[in-house]
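Below is one structure, written out as structure tokens; comments come after it.
The values are calculated or read from the model by the stated rules, or taken from the named source; none is laboratory data. Values in this document were obtained by computation on a predicted structure and should not be read as measured data. We place every Cβ from the backbone using ideal geometry, glycine too, and count neighbours over all the protein chains shown. Please note that ligands, DNA and RNA were not included when accessible areas were found on the heavy atoms of the full protein model with its side chains. Shrake-Rupley method; radii C 1.70, N 1.55, O 1.52, S 1.80 Å.
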Number of protein chains: 4
Amino acid sequence: MPRTSAIPSTLKKKAKEFGKPQSGFRLHLYTIIFEADTKAGKRFDVAIVIAILLSISVVLAGSVPQIDARHGRTMDILEWGFTLLFTAEYIARLVCVRHPLRYATSFFGIIDLLSILPTYFSLFVPEAGALLDVRILRLLRIFRIFKLTLYLDEYMMLGEALRASGRKILIFLSVVLMAVLILGTIMYVVEGPKSGFTSIPIAMYWAVVTMTTVGYGDIVPQTGVGKAIASFMMLLGWGVLAVPTGIVTAEMTSQRMGRRAPTTRTCPECLTEGHEATARFCKNCGAELPPYRYEPV
Amino acid sequence: MPRTSAIPSTLKKKAKEFGKPQSGFRLHLYTIIFEADTKAGKRFDVAIVIAILLSISVVLAGSVPQIDARHGRTMDILEWGFTLLFTAEYIARLVCVRHPLRYATSFFGIIDLLSILPTYFSLFVPEAGALLDVRILRLLRIFRIFKLTLYLDEYMMLGEALRASGRKILIFLSVVLMAVLILGTIMYVVEGPKSGFTSIPIAMYWAVVTMTTVGYGDIVPQTGVGKAIASFMMLLGWGVLAVPTGIVTAEMTSQRMGRRAPTTRTCPECLTEGHEATARFCKNCGAELPPYRYEPV
Amino acid sequence: MPRTSAIPSTLKKKAKEFGKPQSGFRLHLYTIIFEADTKAGKRFDVAIVIAILLSISVVLAGSVPQIDARHGRTMDILEWGFTLLFTAEYIARLVCVRHPLRYATSFFGIIDLLSILPTYFSLFVPEAGALLDVRILRLLRIFRIFKLTLYLDEYMMLGEALRASGRKILIFLSVVLMAVLILGTIMYVVEGPKSGFTSIPIAMYWAVVTMTTVGYGDIVPQTGVGKAIASFMMLLGWGVLAVPTGIVTAEMTSQRMGRRAPTTRTCPECLTEGHEATARFCKNCGAELPPYRYEPV
Amino acid sequence: MPRTSAIPSTLKKKAKEFGKPQSGFRLHLYTIIFEADTKAGKRFDVAIVIAILLSISVVLAGSVPQIDARHGRTMDILEWGFTLLFTAEYIARLVCVRHPLRYATSFFGIIDLLSILPTYFSLFVPEAGALLDVRILRLLRIFRIFKLTLYLDEYMMLGEALRASGRKILIFLSVVLMAVLILGTIMYVVEGPKSGFTSIPIAMYWAVVTMTTVGYGDIVPQTGVGKAIASFMMLLGWGVLAVPTGIVTAEMTSQRMGRRAPTTRTCPECLTEGHEATARFCKNCGAELPPYRYEPV
């Protein structure tokens, strides 16, 4: 991985888009919030990261029935505390940039808004009856975790590496989906609804469970033919991992053995072997070596 | 992967086999159907791909009992619609090439025929009672998905890469099958029918489920010895993935570290770097190198 | 993999140990059985391989209760047929070599003997009552599969590759066993017998099932702490595969990018970039290049 | 892996920290316990390793209810035997170094103490009622296994390799945890407590079980949407292993094929091979190369 110091902070790059103010209170606020060069800026970053992690823990804990029963009120108070904190942060961000609309419509601006809106919405939703609403609100708050990715360049680089390989991943995925479709339908025909394969989509779900080697066991083949086909599918899903790994290891091992003893290249003076393919002089006695012809192993 | 532009489209290559007509209406049809150079040709390709995906969705939906109960008639009508569309496409292909028989007997010609025949067969099969026939007909319609592979060279290249490694894959597979046979039979002896290992083939099925790390849990070892043998098999199946991966990573890491060490070693004459730790003369100009002391990283 | 033609057949090498006869009937028999140069020799090899596979299928089928009930007699007759065939082969091998004792005590000689003895033993064992004896006899017959490894050099090479990496594999395995021991015991303490973790060995069995990602589900953690520790173990077992794979891919990708654009090396004449580290002349205009200093990426 | 002979034994390095005595009985004891150069030193090492393995087997066996019932007394006696043995070893180590406090506070010193204290504590704990105490005591005794790592440098190197990659592993782990958090919460919303997803932490546990492809089956998605999201997660967890493996294999294979192609390109002046397909001048002597036409393999 390239050294992070060589890459300008993504945070800084994005912040420049929103417009750094010239002077005054807004500039002071900007350097704290959007930049991490000053002590205050660094402390702000750490504080926000801790706040995000704590607020997510509160959402997690609040979803556990036993904790909700005993500490429901405390959870609500903490949740409001964090919401007010993040609201203040959001307003501060909007205030101190020169193009607040650009920030509000950017990916991170939307995440920040989504992080605080649910709690306000919950004022209008009676929580006693609407369990699903509560669960959805909790989900939206969880998205605060994405704010963390602002703080580390490695995440951005990982994202770019994925985009670069995007086409290969899609081709691979489509082949896997075709296998799931064909083999799933075959099992649907062979096993049938009585064995749990009630429709082709369900059979495809079972095929994914099997070929990714997860193997819940909620649906299992009952017939002999079905078990045979399932075994083939398991070897396929596992083999996609095992066969290339074996080929790469074999390749690498034979390369290593080849590089250590290119015995066909001998110094005519001192008879030493093991010179590099591109070496022109013997590393042992300094004599000039005859040209080398590449021989694939 | 080689750049696709440097490789003539597989579709074009195959199409040339079937005979491109000289002129007239047939030539016009040919350029649309078999070639993708013109706007019409591209739109035709896109339309067929969408039609294939939609028709498969219809087969999938039709297999779900709830959807079949409520929208069965609509599904039938849609299915006939797609069948007529693909029949028209098939006839068009036969009409516009000069050697229709070659097309009809090729892989893609057979796929195209299999895509439309089932629906015609269903006229002769009473669907109410014969559930298995319905399931088989659905399976044959699913094979339309193979028509998609015409449209991307990457699929053809993937197929060729697999053929090239064919022998290695077979050797690997046979070793896995031998392990499944031997270890499965051992478990059959150790656990016996009372534990669910009712026959050697069933024990082999369990061995595949275990060694590919799928682990349904429909059959599990009950005895202590059985659990010990099963643990060995699990470590084997998982280890086949983990051990080579670890070896390759160790190899790569030590290569990378090894390459870093020689940078401190510079030839005083020509300033070339990258000499081996034990080299005594410069491989580029023959001058004598100052001594080197190995420092482990 | 090295080309098989460059490696003398293992079969031939081993056969030479046993002593090739000088002349006559024994020499003729020897060339058929131990060598594969003649047409008769090749046909013999093929015939024996087919016989081995068929005999194993008979053992497999015979273990299935339904097949044994309906065709038990046929299975017995076929089993005796194969036993007599392999006995004849065994005797022929002993007869036509000059040192029959060496053959009888070699790995393959013992396998051959084990392949035929069980059926003779079964004469002395009443099959009706002693189900375990029957199962053990079936197991010994299955070992015939090892005779197949004689016929392909790749198996021998695979065996040697494994022996070469033997030490690394043992180190790796011992670390895995230590993790299984420690984490299994921790789960035994945390979950206890009421949750199914009845003893440390059982907890270690569960740890293997979990860390190899098999996950039968016969034993699952019941407590919150247990589920957290189990999650850690699952990420460990899966991560051992995922993390090195990711590191190797990142390494390879950055190498590939590095080789394509070593932009620090520019030809002073034509300003072309992208010269190899060891190149001395510009590949584009022929001018001499300044020496290159290796910069690790 | 670097050759172990070139690396001073970690044991020796650490022992030097504790202070090797000058002479006499203590020096004699020191060379046996902390060094492995003499025959006595080697035998001591082997004896301690065997004692550790045996004592751990006793703890394992003692945890099995059936064995504890029948041989409980024997297990206790053996356990005391080992405890006294390790106590003697611990005292010997303290006695024969010059800075016993450094040893007592080092990692291995603490392990040694933890290995023997539990048995002494058990004198004060009535074992009949306090099952948990017994289980915890057994756990502490298991830590004796760490004493084994003293004896092999490979373990220390493995530890250092892990520390070197520490940051990459943490980044990777944090991405996985974010996926588990987000996708687990989504499933909690979609499936809900009725399907077994009783809280977000439980849903995250299920997400880990699924994405690491363990798949216990104790919790499974019940709704169609849930199964679809679960399928996506399974393909993600399995794909993280499969996609990079495939990319690395494709990369390696095309490199191997690429290296073969340039061998036909030879410089007419110096006969060097291995020029790039697009090179116009020889990188070794500067002479002009004949044109080259790219032929895909």
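At residue C:228, with labels set 7 Å past Cα in the Cβ direction, how many nm apart are the copies from this one, shortest first?
Computed spacing set for this position: 3.5, 3.5, 5.0 nm.
Between residue C:250 and residue A:121, what is the FRET efficiency for a Förster distance of 51 Å, r being their Cβ-Cβ separation, to the nearest 0.05?
Result of the calculation: an efficiency of 0.75.
Would you calculate the separation in nanometres between label points at residue A:178 and residue A:49, each defined as 7 Å from the Cα along the Cα-to-beta-carbon direction?
Here the answer is 4.5 nm between the modelled labels.
Kindly state, to the nearest 0.05, the FRET efficiency for residue C:287 paired with residue B:288, given R0 = 25 Å and r defined as their beta-carbon distance.
The pair residue C:287/residue B:288 has a calculated efficiency of 0.30.
Of C:194/D:227; A:194/A:227; A:227/B:194; C:227/D:227; C:168/C:227, which sit over 25 Å apart, Cα to Cα? Write down the numbers at each step before the final one.
On the way: C:194/D:227 32 Å; A:194/A:227 15 Å; A:227/B:194 20 Å; C:227/D:227 22 Å; C:168/C:227 32 Å.
Going by Cα-Cα distance, C:194/D:227; C:168/C:227 fall outside the 25 Å limit.
What FRET efficiency, computed as 1/(1 + (r/R0)^6) with R0 = 45 Å and r the Cβ-Cβ distance, is obtained for residue B:106 and residue A:232, rounded to the nearest 0.05?
Given R0 = 45 Å and the Cβ-Cβ separation, E is 0.95.
Give the nm distances, rounded to one decimal, from residue B:110 to the matching residue in every other copy, measuring between label points 7 Å along Cα toward the beta carbon; shortest first.
4.9, 4.9, 6.9
Could you check the spin-label model distance between residue D:84 and residue A:25? Points 7 Å from the Cα along Cα→Cβ, value in nm.
For residue D:84 paired with residue A:25, the spin-label model returns 8.1 nm.
Pop out the ³J(HN,Hα) list for segment D:88-105 in order, Karplus 6.51 cos²θ - 1.76 cosθ + 1.60 with θ = phi - 60°, rounded to Hz; leave Gly and Pro as x.
Residue by residue, segment D:88-105 yields 4, 4, 5, 5, 4, 4, 4, 5, 8, 9, 8, 10, x, 5, 4, 5, 5, 9 Hz.
Would you mind calculating the relative contact order of segment A:165-256 from Cα pairs under 8 angstrom and at least 6 residues apart, reporting the percent as a whole number?
Computed over segment A:165-256, the figure is 24 percent.
Across segment B:183-190, in residue order, what do the Karplus-derived ³J(HN,Hα) couplings come to in whole Hz, using 6.51 cos²θ - 1.76 cosθ + 1.60 with θ = phi - 60° and x for Gly and Pro?
Taking θ as phi minus 60°, the curve returns 5, x, 5, 4, 5, 4, 6, 6 Hz for segment B:183-190.
Averaged across C:198-210, how many Cβ atoms of other chains sit within 10 Å of each residue's Cβ atom?
6
Determine, for each peptide in A:199-205, D:66-72, the mean count of other beta carbons within 10 angstrom over its residues, then list the peptides with the highest first.
Answer by packing, highest mean first, reads A:199-205, D:66-72.
Over all residues in B:219-229, what is the mean tally of Cβ atoms on other chains that come within 10 Å of each residue's Cβ?
Working: counts 3, 6, 3, 1, 0, 6, 0, 1, 8, 4, 0.
The mean count of partner-chain Cβ atoms within 10 Å per residue comes to 3.
Classify segment C:165-256 as rounded, prolate or oblate, taking a ≥ b ≥ c as the square roots of the eigenvalues of its Cα gyration tensor: rounded when a/c is under 1.5, otherwise prolate if a/b is larger than b/c and oblate if not.
prolate
Could you run the numbers on buried accessible area between B and C, total for both chains, 1.4 angstrom probe, in Å² to the nearest 100?
4600
Order the peptides C:230-243, A:86-99 from the highest to the lowest mean number of other Cβ atoms within 10 Å of their residues.
Per-residue mean Cβ counts within 10 Å order the peptides as C:230-243, A:86-99.
Nm distances between the label at residue D:41 and the same-position labels in the remaining copies, 7 Å along Cα→Cβ, shortest first?
For residue D:41, the inter-copy label distances come out at 5.6, 5.6, 7.9 nm.
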